[in-house]
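Here is the structure we will look at, set down as structure tokens.
The values are calculated or read from the model by the stated rules, or taken from the named source; none is laboratory data. This one's a predicted model, so the numbers in the text were calculated from it and none came from an experiment. Because the Cβ atoms are built from the backbone with ideal geometry, glycine has one as well, and the counts that use them run over all protein chains shown.
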Amino acid sequence: MEGEITKIKDLKPEDKRVNVLAKVVHKSEPKEITTRYGEIKHVTEAVLGDETGVVTMSLWDDQANQVEEGDTIVVNNGYVSLVRGHMRLNVGKYGEIKTSDEPMDEVNEELDMSAAEHEMQYRKRSYGGRRYNNNYNNYRR
């Protein structure tokens with residue numbers, strides 16, 4: 001494993017570079033979505049859990065083939081995002097999913113970290129010396 005393991009109860013919105021050891025409690029059927037760029041993608045949601053809680057993970061396209069219900073997995077270099085205000089664990093192009101031989105029998109399904117709704121945080125962005133707020137229409141110098 002690369003780096004320190006983060007317990008599911010300690011995940012926060014907008015966390016980056018997290019490593020999670022968890023059991024796949026449930027895996028849904030893939031859904032087909034069209035991205036804002038017109039691409040067709042498939043997303044599968046999996047509920048991962050450890051002794052502290054559960055969180056929903058978004059698995060894109062071939063990532064869904066890497067996990068099965070009952071597997072213990074390690075997510076290396078994952079990140080947390082908000083989907084409609086609810087936390088999702090993700091593995092981007094710089095992260096990875098591996099199966100683990102480490103047994104995980106106890107899963108606390110009482111605390112669902114994806115159930116709570118969080119307020120979306122908007123970051124100020126700077127492009128070429130110009131500052132834009134969340135919707136690019138608020139131009140400031």
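Name every residue in the stretch 17-39 that is hydrophobic (A, V, I, L, M, F, W, C) and either modelled with pLDDT of 95 or more or within 13 Å of the chain's Cα centre (by Cα) (or both), in order of residue number. Passing the criteria: Val18, Val20, Leu21, Ala22, Val24, Val25. Applying a threshold of 8 Å to beta carbon distances and a minimum spacing of six or more residues, or different chains, the list of pairs starting in the stretch 101-116 at a residue that is under 11 Å from Asp50 (Cα atoms) and ending at one that is polar (S, T, N, Q) and part of a loop (DSSP other than H, G, I, E, B) reads Asn108/Thr52; Leu111/Thr52.
Of Glu45, Glu14, which residue is at pLDDT below 95 and among the charged types (D, E, K, R)? Full working, then the answer.
Details: Glu45 fails: at pLDDT below 95.
After ruling out the rest, the residue left standing is Glu14.
Could you go through the stretch 33-43 and let me know if any residue there is buried (at least 18 other Cβ atoms within 10 Å of the Cβ) and either at positive phi or of a type outside the set (Val, Ile, Thr) (or both). No: zero hits.
Would you kindly identify the strands (runs of 3 or more DSSP E) lying entirely within the stretch 1-91 that contain at least 1 residues that are closer than 23 Å to His118 by Cα?
Working: elements: 18-27, 31-34, 40-50, 53-60, 72-83, 86-90.
Correct list: 18-27, 40-50, 53-60, 72-83, 86-90.
Let's see how each residue does on (1) of a type in the set (S, T, N, Q); (2) at pLDDT 90 or above; (3) within 14 Å of the chain's Cα centre (by Cα):
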{"residue": "Glu51", "(1), (2), (3)": "no, yes, no"}
{"residue": "Thr56", "(1), (2), (3)": "yes, yes, yes"}
{"residue": "Val80", "(1), (2), (3)": "no, yes, yes"}
{"residue": "Met87", "(1), (2), (3)": "no, yes, yes"}
{"residue": "Thr99", "(1), (2), (3)": "yes, yes, no"}
{"residue": "Asp105", "(1), (2), (3)": "no, no, no"}
{"residue": "Arg125", "(1), (2), (3)": "no, no, no"}
{"residue": "Gly129", "(1), (2), (3)": "no, no, no"}
{"residue": "Arg141", "(1), (2), (3)": "no, no, no"}
